[in-house]
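A short write-up of the structure that comes next.
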Amino acid sequence: MYNLIIFFCLLALGYFSGNYFEQQHYKSIKRRERKTLSLPAVTFGAKKPIPEAEVAALFVGSVVISADYFKMFVYGLRNLVGGRVVVYESLLDRGRREALLRMKEQAITWGASTIVNVRLESSNIGRQAGNNKGMVAIEVIAYGTGIK
Amino acid sequence: MILTTLEGVPGKEIIEHFGLVQGSTIRAKHIGKDIMAGFKNIIGGELKGYTELLQEARQEAVERMVRQAAQLGANAVVNVRFATSSVAQGAAELFAYGTAVRVK
């Protein structure tokens, strides 16, 4: 009985705080994305000569994100029937945009005109597949070459 | 030392290749951070402690790569790539590699 109460408390806490933080995060992402709109980040540039560039430097942005209790519970249910896991989609979306933003903000302070050959990567550093112990922690990194 | 993810360095010409250079480090999380992160895992959001830990570790991997390149006599590393993998429960490997070159 107590276990059940604790479970519902955690679920409610996860749902409300998770939702709150997600909305706050999306607000901040959208605001910063508008601010960094002037700096284009492109995925090409490796094999093409870039005549307009004189200086280049590497920029890396990274973030480790975790799911909340509610998301993990919904994922657990979703796992039974299969299909889209919407709760994790927004998580990864936030992480990726945050990593890109951090890279861009560094490049802007350096004075870059463009970031070329951007690469995105994500890896799981938390729980292993098939093991329900440990936490959900996903690292997303974005890196590219700033030129000016 | 110039680092780029491109096949060359813009505005400069590659005059010599030195081959692959790499740097890696394996870091474990410390228990205090793990407890905080466990709490964060209930309410969701960014795990700031881990982000810092991995950034530090990546910096070290890059430094090791740069040191290796400097030993070869290079002044730039091109086509740099990063990889992260979880090697055991609670430990992550940060890995950076690229091609050491001399540019003019």
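The values are calculated or read from the model by the stated rules, or taken from the named source; none is laboratory data. Remember, it's a predicted structure, so these values are computed and weren't measured experimentally. Note: ideal-geometry Cβ built from the backbone for every residue, glycine included; neighbour counts use all protein chains shown. Only protein heavy atoms, including side chains, enter the accessible area calculation; ligands, DNA and RNA are left aside. Shrake-Rupley method; radii C 1.70, N 1.55, O 1.52, S 1.80 Å.
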(message) Among the residues of the stretch B:28-50, are any under 14 Å from the mean Cα position of the chain (by Cα), within 11 Å of another protein chain (Cβ to nearest Cβ) and surrounded by 14 or more Cβ atoms within 10 Å (Cβ to Cβ)?
(response) no
(request) Could you pull out the residue among B:Val87, B:Val78, B:Val9, B:Val62 that is more than 9 Å from chain A (Cβ to nearest Cβ), open to solvent by less than 30 Å² (accessible area, probe 1.4 Å) and touching a residue at least 40 places away in the same chain (Cβ under 8 Å)? (result) B:Val78
(request) Report, by residue number, each residue of the stretch B:15-27 that is out of contact with any Asp or Glu (no Cβ under 9 Å at 6 or more places or on another chain) and either open to solvent by less than 50 Å² (accessible area, probe 1.4 Å) or of a type in the set (Lys, Arg) (or both). (result) B:Gly19, B:Val21
(request) Within the stretch A:31-50, identify whether any single residue is in contact with a Gly (Cβ under 8 Å, 6 or more places away or on another chain), touching a residue at least 40 places away in the same chain (Cβ under 8 Å) and acidic (Asp, Glu), and answer yes or no. (result) no
(message) For a quick check of your reading of the model, give me the residue pairs whose first member lies in the stretch A:80-93 and is more than 12 Å from A:Ser66 (Cα to Cα), whose second is among the hydroxyl-bearing types (Ser, Thr, Tyr), with beta-carbon atoms closer than 6 Å and at least 6 apart or on different chains.
(response) A:Val85/A:Tyr75
(message) Looking at A:Ile5, A:Ile65, can you tell me which residue is over 19 Å from A:Val116 (Cβ atoms) and away from chain B (no Cβ under 12 Å)?
(response) A:Ile5
(message) Can you pull out every residue in the stretch A:78-128 that is within 11 Å of the chain's Cα centre (by Cα) and either away from every other protein chain (no Cβ under 12 Å) or exposed (fewer than 13 other Cβ atoms within 10 Å of the Cβ) (or both)?
(response) A:Glu89, A:Leu92, A:Asp93, A:Arg96, A:Arg97, A:Leu100, A:Leu101
